[in-house]
Amino acid sequence: MADTKKKVVIIGGGITGLTAAYYLQKHARDHKLPLEVKLVEASRRIGGKMQTVVKDGFVIERGPDSFLERKESAGRLAREVGLGDKIVNNSSGKSYVLVRDRLHPMPGGSIMGIPTEIGPFITTKLFSWPGKFRAAGDFILPPSEKKEDQTLGTFFRRRLGDEVVENLIEPLLSGIYAGDIDRLSLMATFPQFYHLEQKYGSLVRGMKKTTPPRKAPGAGAPKKKGIFIGISTGLQSMAEAIEAKLEDGSVMKSTRVDKVVKSENGYALKLSTGDTLEADSIVMTAPHEAALHMFPEHEHLFEGFKNMPSTSVATVSMAFPESAIKEDIDGTGFVVSRNSDYVITACTWTHKKWAHSTPKGKALLRCYVGRAGDEAIVDQPDAEIVKVVLEDLRKTMNIAAEPEFTVITRWKESMPQYTVGHKQRVEALKDGLQAELPGVYMAGSSFEGLGIPDCIDQGETAVKKILSYLNF
Ligand code: FAD
């Protein structure tokens with residue numbers, strides 16, 4: 001008897017692909033649909049960038065360590081796969097910006113570096129007086145002309161001036177995108193800031209109007225929980241929990257999709273094992289570099305992504321006895337401005353931010369190296385990376401010992417850069433796919449958001465599109 005089931009293949013087993021596979025299989029089960037879903041992952045393990053090392057009582061994240069709680073899809077998925085009791089919030093300690101050898105507390109009430117309260121911006125030593133006066137220009141400068149897109153740098157420099165951008169906004173944004181703000185797209189990253197400017201005529205006024213005022217904690221009030229969620233057993237365990245919910249035999253690891261060609265009734269996927277998979281519909285969740293040559297007869301569709309850069313970074317986690325940190329700083333970490341003579345771009349005092357990460361009596365520091373245009377450090381040998389990271393750290397804190405152990409993870413070309421025009425390129429790709437490769441969808445960090453919740457949202461959107469395409 002002919003197999004009447006519709007077949008969906010998901011390419012890539014990072015969080016986007018896992019989400020798509022999980023919700024598709026769940027929907028098919030709940031609605032008794034004749035649907036077969038396979039997930040094909042090139043490496044030996046699923047999870048993509050979600051990787052955790054559990055060692056000597058430490059829970060060390062190699063890649064992402066958490067996600068924003070207010071973007072609800074990630075917490076919901078974690079609870080669905082049985083990790084509700086493993087969800088933890090970060091401790092909401094002070095954070096700092098390192099500018100030319102000095103750690104400055106983040107001005108109170110600033111959101112992504114934009115003031116929502118005036119007092120802390122006047123008193124901070126992070127900016128000179130001329131820098132502060134220039135930032136006040138935001139109240140009188142007219143909104144920029146209506147534009148399809150512009151760089152984050154152009155937008156913020158115009159509204160708040162170079163100094164606020166270089167000493168605060170750039171280090172914060174770089175912390176998220178490891179990018180060059182003078183190339184990154186405003187509309188693909190923070191379109192809300194453009195809309196606030198257009199509506200209120202001033203970014204600061206717009207932020208003040210749309211942000212609830214901070215409450216001063218009352219005496220004896222419980223400590224406010226942080227805005228991020230982590231998983232106490234590590235983010236890799238979230239990927240594994242999703243995998244455990246997938247149907248037996250539906251995950252193919254150590255199998256790369258090399259090529260996809262249109263066939264009589266759908267698509268044929270040529271695999272690195274020499275096998276071919278048939279599909280009626282496909283979700284491609286691998287990074288855009290993998291997609292460029294995957295559809296050889298339709299490469300022109302990916303033209304807009306050929307020059308899309310991805311930055312290389314490395315995370316460097318160092319475990320110490322607590323007693324090695326001589327001058328403790330009250331806070332959970334800092335980002336580093338580009339105008340400082342440092343190799344590290346950020347440091348989290350992980351033992352203070354995430355209690356679950358570190359056993360009693362120990363300290364865990366996690367630093368980042370590498371940023372757009374300055375990535376050579378990532379290719380250095382481990383010993384050299386450790387040396388320069390320790391040199392940098394010792395300029396800010398008194399560390400009286402060598403680390404007990406270090407976990408270095410190189411992420412080569414793995415932070416996709418949404419440069420100006422990115423949204424238009426994504427829309428053009430979607431239109432092209434619909435016209436030439438119906439039933440094929442792109443999702444994941446190269447396309448419509450690189451935070452974990454954004455990737456989960458894209459996986460869920462792809463599920464809806466597939467169900468509609470297959471008339472279910
Ligand atoms: P990936 O995780 O890259 O998964 C893609 C998968 O596709 C991989 O497993 C790969 O092996 C596979 N693949 C590739 N080619 C093929 C092929 N031809 N055939 C089959 N499979 C293929 N986000 C946050 O929200 N919070 C954070 O704290 C945070 N920190 C980060 C820190 C670092 C160092 C990095 C690198 C990223 C961080 N991010 C963070 C971003 C977030 O981790 C990623 O954007 C997200 O995990 C990407 O998921 P994905 O499924 O789109 O892609």
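The values are calculated or read from the model by the stated rules, or taken from the named source; none is laboratory data. Source: prediction; values computed, not measured. In this analysis, Cβ positions are derived from the backbone assuming ideal geometry, glycine residues included, and neighbour counts consider all displayed protein chains. These area figures cover heavy atoms from the full protein model, side chains too; ligands, DNA and RNA do not enter into them. Shrake-Rupley method; radii C 1.70, N 1.55, O 1.52, S 1.80 Å.
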Exercise. Could we say that M318 is open to solvent by less than 20 Å² (accessible area, probe 1.4 Å), in a loop (DSSP other than H, G, I, E, B), modelled with pLDDT of 95 or more and touching a strand residue (DSSP E or B) at 6+ places or on another chain (Cβ under 6 Å) here?
Worked result: no
Seminar exercise, completed: Reported set for region 128-156 where residues are outside any helix (DSSP H, G or I) and either open to solvent by 30 Å² or more (accessible area, probe 1.4 Å) or at pLDDT 95 or above (or both) is S128, I140, L141, P142, P143, E145, K146, K147, E148, D149, Q150, T151
For this session: Kindly check whether there is at least one residue in region 336-346 that is modelled with pLDDT of 95 or more, within 30 Å of I87 (Cα to Cα), within 14 Å of the ligand (Cβ to nearest atom) and not β-branched (V, I, T).
Result: yes
Exercise. Among (1) within 16 Å of the ligand (Cβ to nearest atom); (2) out of contact with any strand residue (DSSP E or B) (no Cβ under 8 Å at 6 or more places or on another chain); (3) of a type in the set (D, E), where does E264 come up short?
Worked result: (1)
For this session: Filter region 66-86 for residues that are open to solvent by 40 Å² or more (accessible area, probe 1.4 Å) and assigned to a loop (DSSP other than H, G, I, E, B) and give the result.
Result: E69, R70, K71, E72, G82
Exercise. Here are G13, G63, G17, G47: which of them is open to solvent by less than 20 Å² (accessible area, probe 1.4 Å), touching a Ser or Thr at 6+ places or on another chain (Cβ under 6 Å) and near the ligand (Cβ under 8 Å from one of its atoms)?
Worked result: G17
Problem set entry | Residue identified as open to solvent by less than 40 Å² (accessible area, probe 1.4 Å), in contact with a Phe, Trp or Tyr (Cβ under 9 Å, 6 or more places away or on another chain), within 13 Å of the ligand (Cβ to nearest atom) and modelled with pLDDT of 95 or more among L277, L269, L301 | L277
Problem set entry | Pairs, first within 6 Å of the ligand (Cβ to nearest atom) and of a type outside the set (A, V, I, L, M) in region 444-456, second outside any loop (DSSP other than H, G, I, E, B) and at pLDDT 95 or above, C-beta under 6 Å, six or more apart | G444/T16; G444/C455; S445/P416; S445/C455; C455/I15; C455/T16
